[in-house]
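Notes follow once the structure below has been shown.
The values are calculated or read from the model by the stated rules, or taken from the named source; none is laboratory data. This is a predicted model, so every value here is computed, not measured. Cβ placement follows ideal geometry from the backbone for every residue including glycine, while neighbour counts extend to all protein chains displayed. Surface areas here come from the heavy atoms of the whole protein model, side chains and all, with no ligands, DNA or RNA. Shrake-Rupley method; radii C 1.70, N 1.55, O 1.52, S 1.80 Å.
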Amino acid sequence: MTRTTRTTEPHETVERALELSRADGCVVIADEESSANLRWAGNALTTNGETRGRTLTVIATVGGREGTASGVVSRAAVTADDLEPLVRAAEAAARESGPAQDARPLVEGVPHSADFAEPPAETSSDVFAAFAPALGESFARARAGGRQLYGFANHTLTSTYLGTSTGLRLRHDQPTGTLELNAKSPDRTKSAWAGRSTRDFTDVDPAELDAELAQRLAWAERTVELPAGRYETLLPPSAVADLLVYMFWSASGRDAHEGRTVFSKPGGGTRVGEKLAGLPLTLRSDPAEPGLESAPFVVAHASTDDWSVFDNGLPVGPTDWVREGTLQHLLTSRFTGDLTGLPVTPEADNLVLDGGGTKSLDEMVAGLGHDGPGLLLTCLWYIREVDPATLLLTGLTRDGVYLVEKGEVTGAVNNFRFNESPVDLLGRAAEAGATERTLPREWGDWFTRAAMPPVRVPDFNMSSVSQGV
């Protein structure tokens, strides 16, 4: 990443907005974002680009006889002339609002970020300096091997500056890189997918991914039709991440306390303290997780059930959501923590599942399909919620489902629609392998920092056959 000098630096914009504020309290968030991308199709690059942008969010708080109200206004491409109207708009929104139920004193006492006054970090196409030539070599290999590669690589770097009228001056630089690679047969009847999450593309090897996809297309030379049913199934880390990210998003402490989710206890309260998994699985978040680093303080552009604009700047620490199979925490803000009696545990932007396993996906395939047909999935797609009370989800398999017989992949089978709850799956999981960084296929546009193991489930519910490739 590089740093540049601008006419008006983000920290100066934050300071000026705070100076202009006439409200009782004020929070200003400046997000400076740059991105670079590559796109390819049919073994050739098609487009590349870079973008730059800044979004400014002003949160005004106004006290009254009935309580404190808040007003939030966000704008992109804000100039110096736009700044005072933006601050006044936030103040007007606060005065027109009723008391905010999540109102709390603005956070104070958090040490300043040492680099708060430094220019934002930026990315550029240089981030692909080693990756792009290696991708070109993979195009040549794929062409010679009779397969076609399609895909997209994107790198975004967001520098967030947060200032408050209570004196906080915090800054976080967040790099986010994703790679999605598809290999298809020339007749389009066979397709395989691989994805990676990265901070800087120095740890992504296109040759490795292409070899993985070539193997999967070779497996698909033999096809077998299977009916719907429950199958012993090996979920790769990407599929595990998609299911558990959705569970994480559904772990609202308030919703559970009010009896509306799978984490609600019959008769009242939450299931915190209840055993969810037979395996010693631990699901955790940590802003300092190596390779998955995320903001160590709350950045809330709006209030929701478990986010509060009044919590901006609140430190975010490591949290075990599930420890050794037992539910430990649910998502809470200071408001919902007081409401539910649960400790305050704001969301961190990463998720790790660890069961202490050491086997790779290939090693786990060797143990599959000895008592009947086993299935090896590639990824899940079009996941939708069916029942919030059980967190029953439905969705499709995509880009390769493979038949495993007596520890060997013997062909590809048709795709399926599935119906499963990730909470139930935690309880039924029979084996978890080694945890590795992965990209959730379905939720990769919103959540990229995940590390998951492959998981074997003895009876994954494939509820119907899908005709998709």
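Annotations
- Count Lys and Arg as plus one, Asp and Glu as minus one, and take only other residues whose Cβ is under 14 Å from that of residue 260; the net charge is then -3.
- Shape category assigned to the range 85-178 from the gyration tensor of Cα positions, a/c cut at 1.5: prolate
- The stretch between residue 360 and residue 134, if pulled fully straight at 0.36 nm per residue, gains 78.8 nm over its current Cα-Cα span.
- For the range 70-93, backbone nitrogen atoms closer than 18 Å to the point 7 Å from residue 166 Cα along Cα-to-C-beta are found at 70-72.
- Proximal lysines relative to residue 275, as straight alpha-carbon distance under 19 Å, when same-chain residues fewer than 8 apart are discounted: 265
- About the Cα centre, charge dipole magnitude for the range 228-380 (Lys/Arg +1, Asp/Glu -1 at Cβ), debye: 440
- Residue-averaged 222 nm ellipticity for the chain, from DSSP H runs of 4+ at -39500 (n - 2.57), nearest 500: -6000 deg cm²/dmol
- Once C-alpha pairs closer than 8 Å and six or more residues apart are averaged by separation and normalised to the residue number of the chain, the relative contact order reads 16 percent.
- Efficiency of FRET between residue 16 and residue 302 - r from beta-carbon atoms, R0 22 angstrom, step 0.05: 0.45
- Full-extension gain in nm, residue 463 to residue 74, via 0.36 nm per residue minus C-alpha separation: 135.6 nm
- Calculated P(r) tail over 17 Å for the range 126-184, as whole % of Cα pairs: 57
- The residues of the range 311-387 expose, per residue, 39 Å² of accessible area to a 1.4 Å probe.
- At R0 = 51 Å, FRET efficiency that the Cβ-Cβ distance of residue 208 and residue 385 yields, to 0.05: 0.90
- Total formal charge among the other residues, if their Cβ is under 14 angstrom from that of residue 383, Lys/Arg +1 and Asp/Glu -1: -2
- Set of the range 370-410 residues, backbone N closer than 11 Å to the point 7 Å along the Cα-Cβ line of residue 430: 370-375
- Label-to-label distance, nm, for residues given as residue 405 and residue 225 (7 Å Cα→Cβ offset): 1.7
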